[in-house]
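Note sheet for the following structure.
The values are calculated or read from the model by the stated rules, or taken from the named source; none is laboratory data. Here the structure is a predicted model, which is why all the values come from computation and not from measurement. Cβ placement follows ideal geometry from the backbone for every residue including glycine, while neighbour counts extend to all protein chains displayed. For the accessible areas, the whole protein counts, side chains as well, though only heavy atoms, and no ligand, DNA or RNA atoms are used. Shrake-Rupley method; radii C 1.70, N 1.55, O 1.52, S 1.80 Å.
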Amino acid sequence: MNEQTLSMRLERVAAHVPAGARLADIGSDHGYLPVALLKRGVIAAAVAGELALTPFQAAQRSVRENDLGAQITVRLANGLEAIEPEDRINAVSLCGMGGETIRDILESGKARLSGEERLILQPNGGEQPLRHWLMENGYRILCEDVLRENRFYYEIIVAERTGPVLYSAEELYFGPLHLRERSPVFLAKWQRLLQLKQQTLSNFAQARQSVSDEKVRELAQQIRWITELLA
Ligand code: SAM
């Protein structure tokens, strides 16, 4: 992967960035996403935010080598602290991190959001707590995508702040739009997860002492939901 050839995962993220957007890519690593989108003329400007020095320097290098210093600002910053009001950001991407990490970044930095931004989120697991945060903060899920690349399943969640929204526990778990669409990739993902969860439950049964009843009940509930989904 590089700034010309994105992974399939980042290509699918890129497809949700609105034309002409001013994008903040938080946790940008090499900055491949904003650099590719700018080179393609899809976005007008970007901020690439990074917490860690080595990826921050890698992003600086990508921007310099592509001569995009006037359009992309690279900032060493924690989460949404990379965004300044004068950036006039209207799309924020947070990709390749756990859903809980993305949630925590949104929660601790929400004062930096105007509420006008489209959020394009690609969590690696932890989708349920992330969707819960979106609901609690008045974000409606506009689009959900799932893909398989290199044996892993990746989810993409696109949301905008629209005001109060209510999702059921199952919608938060599976994704409200996924539940309606039930695409073949989505069903394959849950088929695989069902096997893993059934295996975990039987491991729990053998090690009963060390696992709390609540954890077992939670897992059994998930297995019931997945079984119903796939029925
Ligand atoms: N977004 C890229 C992608 O999807 O390919 C890179 C994903 S990489 C696995 C996660 C990046 O997020 C790392 O470079 C890490 O340093 C950065 N990161 C983690 N927590 C962060 C935070 N609170 N603020 C900014 N960057 C963060």
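Points worth noting:
- In Å, descending, principal axis extents of the Cα set of the range 1-125: 33, 32, 29
- Based on protein heavy atoms only, the chain ends up with 50 Å² per residue of surface accessible to a 1.4 Å probe.
- Kirkwood analysis of the chain, using all unique Cα-Cα pairs, places the hydrodynamic radius at 18.7 Å.
- Among beta bridges identified by DSSP and lying wholly in the range 8-165, the antiparallel ones come to about 40 percent.
- Surrounding net charge for residue 81, when Lys and Arg each add one and Asp and Glu each subtract one, Cβ distance under 10 Å: +1
- Here the chain is assigned +1 on the Cβ of each Lys and Arg and -1 on the Cβ of each Asp and Glu. Its dipole about the Cα centre then comes out at about 540 debye.
- Along principal axes, Cα extents of the range 187-230, largest first, whole Å: 33, 15, 10
- In summary, the lysines within cross-link reach of residue 197, defined as a Cα separation below 16 angstrom excluding same-chain residues under 8 places away, comprise 189, 215.
- Residue with peak Gaussian network fluctuation, the chain [Cα springs, cutoff 10 Å], from 199, 71, 191: 199
- Top positive-direction residue, dipole computed over the chain with Cβ charges, set 164, 89, 5: 5
- Within the shell of other residues whose beta carbon sits under 9 angstrom from the beta carbon of residue 160, the net charge comes to +1, with Lys and Arg scored +1 and Asp and Glu -1.
- Since only 44, 126, 55 are under comparison, the one whose Cα sits farthest along the positive direction of the charge dipole of the range 8-165, derived from C-beta charges on Lys, Arg, Asp and Glu, is 44.
- Positive minus negative residues near residue 105 (Lys, Arg vs Asp, Glu; Cβ under 13 Å): -3
- Accessible area of the chain belonging to carbon and sulfur atoms, whole % at 1.4 Å probe: 48 percent
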